[in-house]
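Q: First, the structure itself, so that you have it in front of you.
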Amino acid sequence: MSGQSTSTRQRISLMASGELRDALTAIEEGKGPAAVAALMAIDPVSWQAIEERLVGLVGSDLRSLLLKTAGECDRQAAFVD
């Protein structure tokens, strides 16, 4: 067990919030390399905080959430075509 209390929440830096927003925008626009670059720019503490919050909110980590969303987008596109 780590020395950190489970009731203490890690903070997401303002810079990391912007990088996550940029990554999600890039994914939406089909710009994979830009999305990866934005995600890679997130500092480790903020990344851990993002992951913890996602698990608490949606029961999944960012990778799983993005893969699920991508699958739903593919299915929706098949209906449009």
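Q: Between beta-carbons, use under 15 Å as the cut-off and find the net charge around A37, counting Lys and Arg +1, Asp and Glu -1.
A: Spelling it out: positives minus negatives among the neighbours equals -2.
Q: Using a cut-off of 15 Å between beta-carbons, work out the net charge of the residues near S13 (Lys and Arg +1, Asp and Glu -1, S13 not included).
A: -1
Q: Accessible area per residue for segment 16-75 in Å², computed with a 1.4 Å probe and the full protein assembly in place, what is it? Please list the in-between numbers first.
A: Values: 3890 Å² over 60 residues.
I get 65 Å² per residue for segment 16-75.
Q: Here's a follow-up. Residues with amide H under 5 Å of S13's amide H, sequence separation 5 or more or different chain, H placed in the peptide plane at 1.01 Å from N; which?
A: Result for S13 returns S46.
Q: If r is the Cβ-Cβ distance from R9 to S60 and R0 is 22 Å, what FRET efficiency results, to the nearest 0.05?
A: Numbers: r = 18 Å, r/R0 = 0.83.
It comes out at approximately 0.75.
The values are calculated or read from the model by the stated rules, or taken from the named source; none is laboratory data. None of these values were measured; they are calculated from a predicted model. Heads up, the Cβs are rebuilt from the backbone with ideal geometry, glycines too, and the neighbour counts pull from every protein chain shown. Note: areas computed on protein heavy atoms with side chains; ligands, DNA, RNA excluded. Shrake-Rupley method; radii C 1.70, N 1.55, O 1.52, S 1.80 Å.
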